[in-house]
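Novice: Below: one structure in structure tokens.
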Amino acid sequence: MKTLKHISITLILLLSFTANASTGTTRYVSLSGSNTAPFLTLSTAANTFQAAINASSNGDLILVENGTYTLTTFISITKSITLRSINGPNNVIIDGNGVTKCFEINNFTAIVDGFTIMNGYNPSGFGGGVNIKNGGLVQNCIIKENQARDGGGIAIDDSGAIMNSIIMNNLASDNGVSGYGGGVRLLNGGEARNCLITENVSVKYGGGVNIWNAGNVFNCTITKNSAPNGAGIRTRNNSMIKNTIIYYNTGGVNWEVNGIGYQYYNCATTPALGSSYSTDCITNIPAFINITSGSEDYHLQSGSACIDAGYNLSWMNTSFDLDGNNRIFNSIVDMGCYEFNTPTIIDTDGDGIPDDEDDFPNDPGKAFINNFPASGYGSLGFEDLWPGTGDYDFNDIIVDYRFVTITNASNKVVKINGTFVVKASGAYLRNGFGFNLPNANISLISGLNISGYDLREGFITLNSNGTESGQSKPTIIVFDDVFNLLTHPGIGTGVNTENWAPFVPYDTLTITMTPSTLNYTMNDFSMETWNPFIIVNHERGKEVHLINYPPTDLVNQSFFGTWEDNSNPSQGKYYRSLNGLPWAINITEPFEWPREKIEIGWAYFHFIEWAQSSGATYPDWYKNYPGYRNNGNLYHPNNP
Ligand SMILES: [Ca+2]
Ligand SMILES: [Ca+2]
Ligand SMILES: [Ca+2]
Ligand SMILES: [Ca+2]
């Protein structure tokens, strides 16, 4: 006998197709049991199957502990019982030892479930591994290396079924010239369903399956069997074959028909079946995962013509394929014993990211949009009289911001668009605005191409790529004079801070940062730690940052610690007033700023507490909650 090759065997114990064991007694079989009738526990378990069966009544369940059970005569089941392994077919082996068939079953509601059945020998009769005589179900089994004249693996007479099993490497031979069904023999009835039937040999008829007079084969994969007549399957008279793959069988023609009344539906085989006895059959190769000898895997590849090409039958709605997955996936059953159950992945641009996850499904160079903040805009408000506190109305520059980072399928940054909505300038100073990236990869100083800035006043010096020169961090100046963006309406101190002055439309700038190579990840930018600032009144050395954010390399250090500023660069303390207050605020949603000359504490009643607690109390100070603010002290544009 050939040895079993390494087909992946993943049979799982499934619930019985017919429930007959729920009402009876449970008995046990174990090689280490005390063999004490009536075998009601593992410790008193029967040592042989037959002892437990003989002690049982209709409706009983017999559970079998792991082990190899070597037979001297076959196991006979004539009662309505279920015989089941506790841990599946790889753990309970029934070995005919080359002297006897393993099972003879003769009861319509008997079930044999979850065994390896091997080395059965019955060269003058029916069923090397199993003979079902008029009734019985064998499921979730591996039937291998058995021999009989009729049905080397299993023979079913009149009625009965083999389901969800692997029938492999069995031989139909009387040690002479006769052999009928190397794997499965159906005589006058019987059914094989969801089985892999492979590497079986018959010396005469039906290497995989032989049907004589009547029998059904539904959703089986019959491959690499061998026989001179019907290498995969031979059917004689009333046979029905549905949803079955018959391929790669050798030694004779793949299939052979004889007599009358046989019909094939939705099968894949070659050569083509005759049109008078076949419906919706195909000759396409099935496209198994692997047919290489020793590495066989008979699951279907994506795109196989056998997928969704079967004919649905009512039992399929509640049954499983040979893997234990739903028998029907994607509405229509597949041909063969394994249902293809991977959703079809569409990747139109071929970048490896499926369309439904790809923000740019038609652009292979782009895959994902990453927003910072996660949604909408953040908002910045600055006070420009630093290092003096000034009027502390936090409206000298109001800028909303949003960064959209586009990454490719390898999570490398393609570009970053920074959108800045310049909303207000409640000041007479001509302030600029920029930011640096304190935790970015330093090579981005030269490796980043910048566009979209508005620099007209001549006091900013750029590197050729658009970053600011003289900086040790990537630094981008967005605009150098807010007066060039928001035109003064002619009355009032600034723009969009007095309710009685005309509203000036906001101005939006988009800075595009494009790395010169696709080698940078979002981590190389660390945008979430960006450090925004204003440049006060064309004075490049005078920057105002968020509290405790360090200045750029171009700042004039002599301002620190003067006036109300209590910065201490040696301690990493920056832009903090003597009272512990900031000169700039950053919130994650649009900010409603105070009117001109209205100190922020008069508009937002919890701002001071929030700032002095370093953000610990009232982190929601800017919300429009009762008792949180005086809306009359906020700017409300008269025609936004
Ligand atoms: Ca399907
Ligand atoms: Ca894609
Ligand atoms: Ca794409
Ligand atoms: Ca102001």
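Novice: Would you mind finding the one in Ile289, Ile246 that is in contact with an Asp or Glu (Cβ under 7 Å, 6 or more places away or on another chain) and in a strand (DSSP E or B)? Working first, answer last.
Specialist: On the way: Ile246 fails: in contact with an Asp or Glu (Cβ under 7 Å, 6 or more places away or on another chain).
After ruling out the rest, the residue left standing is Ile289.
Novice: Please determine, by comparing only the residues of the stretch 297-341 that are of a type in the set (Phe, Trp, Tyr) and not in a loop (DSSP other than H, G, I, E, B), which one is nearest to ligand 2 (Cβ to nearest atom).
Specialist: Residues of the stretch 297-341 of a type in the set (Phe, Trp, Tyr): 298, 311, 315, 320, 329, 338, 340.
Of the ones still in play, those that are also not in a loop (DSSP other than H, G, I, E, B) are 298, 315, 320.
Values: Tyr298: 30, Trp315: 39, Phe320: 33 Å.
This residue is Tyr298.
Novice: Further question on the same structure: List the pairs whose first member sits in the stretch 242-265 and is assigned by TED's automatic domain parsing to the domain that holds Arg193 and farther than 18 Å from Asn188 by Cα, whose second member is of a type in the set (D, E, K, R) and part of a loop (DSSP other than H, G, I, E, B), and whose Cβ atoms are under 6 Å apart, counting only residues at least 6 apart or on separate chains?
Specialist: Tyr248/Lys224
Novice: Asn395: within 16 Å of ligand 2 (Cβ to nearest atom) and part of a loop (DSSP other than H, G, I, E, B), yes or no?
Specialist: Against the criterion (within 16 Å of ligand 2 (Cβ to nearest atom) and part of a loop (DSSP other than H, G, I, E, B)), Asn395 does not qualify.
Novice: A follow-up question, please. Kindly provide the set of residues from the stretch 373-406 that are buried (at least 19 other Cβ atoms within 10 Å of the Cβ) and within 26 Å of the chain's Cα centre (by Cα), ordered by number.
Specialist: Thr405, Ile406
Novice: Quick check: is even one residue across the stretch 277-284 away from ligand 3 (no atom under 16 Å from the Cβ) and modelled with pLDDT under 95?
Specialist: Looking for residues that are away from ligand 3 (no atom under 16 Å from the Cβ) and modelled with pLDDT under 95, one finds none in the stretch 277-284, hence no.
Per-residue answers, yes or no, for (1) over 19 Å from Gly381 (Cα atoms); (2) modelled with pLDDT of 95 or more; (3) among the β-branched types (Val, Ile, Thr); (4) in contact with a Leu (Cβ under 7 Å, 6 or more places away or on another chain):
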site: His538; (1), (2), (3), (4): no, yes, no, no
site: Asp553; (1), (2), (3), (4): yes, yes, no, no
site: Asp565; (1), (2), (3), (4): no, yes, no, no
site: Gly572; (1), (2), (3), (4): yes, no, no, no
site: Gly580; (1), (2), (3), (4): no, no, no, no
site: Phe605; (1), (2), (3), (4): no, yes, no, no
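Novice: Within the stretch 569-597, which residues are surrounded by fewer than 20 Cβ atoms within 10 Å (Cβ to Cβ), touching an Asp or Glu at 6+ places or on another chain (Cβ under 6 Å) and in contact (Cβ under 8 Å) with a residue 60 or more places away in the chain?
Specialist: Narrowing the stretch 569-597 to residues surrounded by fewer than 20 Cβ atoms within 10 Å (Cβ to Cβ): 569-573, 576, 578-580, 586-590, 592, 595, 597.
Within this subset, residues satisfying the condition of being touching an Asp or Glu at 6+ places or on another chain (Cβ under 6 Å) are 578, 590, 597.
Residues satisfying the conditions are Pro590, Lys597.
Novice: Out of the residues in the stretch 409-433 that are aromatic (Phe, Trp, Tyr) and crowded, with 24+ Cβ neighbours inside 10 Å, state the one that is nearest to ligand 4 (Cβ to nearest atom). Spell out the reasoning first.
Specialist: Here is the first cut: in the stretch 409-433, the residues aromatic (Phe, Trp, Tyr) are 420, 428, 433.
Filter once more, so that each one left must be crowded, with 24+ Cβ neighbours inside 10 Å: 420, 433.
Values: Phe420: 19, Phe433: 15 Å.
Taking the candidates together, the pick is Phe433.
Novice: Keeping to the stretch 83-96, report how many residues are within 16 Å of Ile166 (Cα to Cα) and in a loop (DSSP other than H, G, I, E, B).
Specialist: Result for the stretch 83-96: 4.
Novice: Something else now. Just need a number here: residues in the stretch 550-581 that are touching a strand residue (DSSP E or B) at 6+ places or on another chain (Cβ under 6 Å) and either more than 14 Å from Trp386 (Cα to Cα) or not assigned by TED's automatic domain parsing to the domain that holds Leu462 (or both).
Specialist: Qualifying residue count for the region: 1.
Novice: Quick check on the stretch 188-201. Is at least one of its residues in the same structural domain as Leu273 (by TED's automatic domain parsing), on the phi < 0 side of the Ramachandran plot, over 43 Å from the mean Cα position of the chain (by Cα) and not acidic (Asp, Glu)?
Specialist: no
Novice: Checking Asp334 against (1) among the acidic types (Asp, Glu); (2) within 17 Å of the chain's Cα centre (by Cα); (3) surrounded by 12 or more Cβ atoms within 10 Å (Cβ to Cβ), only one condition comes out false. Which one?
Specialist: Condition not satisfied by Asp334: (2).
Conditions (1) among the hydroxyl-bearing types (Ser, Thr, Tyr); (2) within 42 Å of the chain's Cα centre (by Cα); (3) modelled with pLDDT under 95, marked per residue:
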{"position": "Ser76", "(1), (2), (3)": "yes, no, no"}
{"position": "Asp95", "(1), (2), (3)": "no, yes, no"}
{"position": "Val99", "(1), (2), (3)": "no, no, no"}
{"position": "Asn107", "(1), (2), (3)": "no, no, no"}
{"position": "Asn122", "(1), (2), (3)": "no, no, no"}
{"position": "Val138", "(1), (2), (3)": "no, yes, no"}
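Novice: Go through (1) surrounded by fewer than 16 Cβ atoms within 10 Å (Cβ to Cβ); (2) under 22 Å from Ala427 (Cβ atoms); (3) among the β-branched types (Val, Ile, Thr) and name the single condition Ile600 misses.
Specialist: It is condition (1) that Ile600 fails.
Novice: Residue pairs, Cβ under 7 Å, 6 or more apart or interchain, first in the stretch 514-541 and part of a loop (DSSP other than H, G, I, E, B), second among the basic types (Lys, Arg). List them.
Specialist: Taking only residues 6 or more apart or on different chains, the pairs are Leu518/Lys412; Asn519/Lys412; Tyr520/Lys412; Thr521/Lys412.
Novice: Identify, from the list Asp308, Asp323, the residue that is under 30 Å from the mean Cα position of the chain (by Cα) and not assigned by TED's automatic domain parsing to the domain that holds Gly230.
Specialist: Selected residue: Asp323, the only one of Asp308, Asp323 that is under 30 Å from the mean Cα position of the chain (by Cα) and not assigned by TED's automatic domain parsing to the domain that holds Gly230.
Novice: Considering only residues of the stretch 498-514 that are within 43 Å of the chain's Cα centre (by Cα) and not β-branched (Val, Ile, Thr), which is nearest to Val414 (Cα to Cα)?
Specialist: Among residues in the stretch 498-514 that are within 43 Å of the chain's Cα centre (by Cα) and not β-branched (Val, Ile, Thr), the one nearest to Val414 (Cα to Cα) is Met513.
Novice: Among the residues of the stretch 345-364, what is the count of those that are near ligand 2 (Cβ under 7 Å from one of its atoms) and not in a loop (DSSP other than H, G, I, E, B)?
Specialist: Matching residues across the stretch 345-364 total 1.
Novice: Looking at Ser57, Ser80, which one is assigned to a loop (DSSP other than H, G, I, E, B), under 46 Å from the mean Cα position of the chain (by Cα) and over 17 Å from Gly33 (Cβ atoms)?
Specialist: Unique residue meeting the criteria: Ser80.
Novice: If a residue must be surrounded by fewer than 16 Cβ atoms within 10 Å (Cβ to Cβ) and within 17 Å of Ser80 (Cβ to Cβ), how many such residues does the stretch 23-49 contain?
Specialist: Qualifying residue count, the stretch 23-49: 2.
Novice: Next question, about the same structure. Any chance the stretch 359-371 includes a residue that's surrounded by 15 or more Cβ atoms within 10 Å (Cβ to Cβ), within 16 Å of ligand 4 (Cβ to nearest atom) and either within 22 Å of Pro474 (Cβ to Cβ) or more than 40 Å from the chain's Cα centre (by Cα) (or both)?
Specialist: no
Novice: Being crowded, with 16+ Cβ neighbours inside 10 Å and under 12 Å from Tyr575 (Cα atoms) is the filter here, so list the residues in the stretch 527-554 that pass it.
Specialist: Phe533, Lys542, Glu543, Val544, His545, Leu546, Ile547, Tyr549, Pro550, Pro551
Novice: Let me ask something else about it. For Ile346, are the conditions met, namely being over 19 Å from Gln139 (Cα atoms), outside the structural domain of Thr244 (by TED's automatic domain parsing), surrounded by fewer than 16 Cβ atoms within 10 Å (Cβ to Cβ) and within 16 Å of ligand 3 (Cβ to nearest atom)?
Specialist: Yes, satisfied.
Novice: Across the stretch 216-241, what is the total count of residues that are surrounded by 24 or more Cβ atoms within 10 Å (Cβ to Cβ), outside any loop (DSSP other than H, G, I, E, B) and without any contact (Cβ under 8 Å) to a residue 60 or more places away in the chain?
Specialist: Number satisfying all stated conditions: 7.
Novice: Select from the stretch 97-124 the residues that are under 17 Å from Gly152 (Cα atoms) and assigned to a strand (DSSP E or B) and list them in ascending order.
Specialist: Within the stretch 97-124, Phe103, Glu104, Ile105, Thr116, Ile117, Met118, Tyr121, Asn122, Pro123, Ser124 qualify.
Novice: Here's something else I'd like to know. Out of the stretch 183-195, which residues are surrounded by 24 or more Cβ atoms within 10 Å (Cβ to Cβ) and out of contact with any Leu (no Cβ under 6 Å at 6 or more places or on another chain)?
Specialist: Gly183, Val184, Arg185, Leu186, Gly190, Ala192, Arg193, Cys195
The values are calculated or read from the model by the stated rules, or taken from the named source; none is laboratory data. What you see is a predicted model, and the numbers here were worked out from it, not measured in a lab. Note that we place each Cβ from the backbone using ideal geometry, even for glycine, and neighbour counts take in every protein chain shown.
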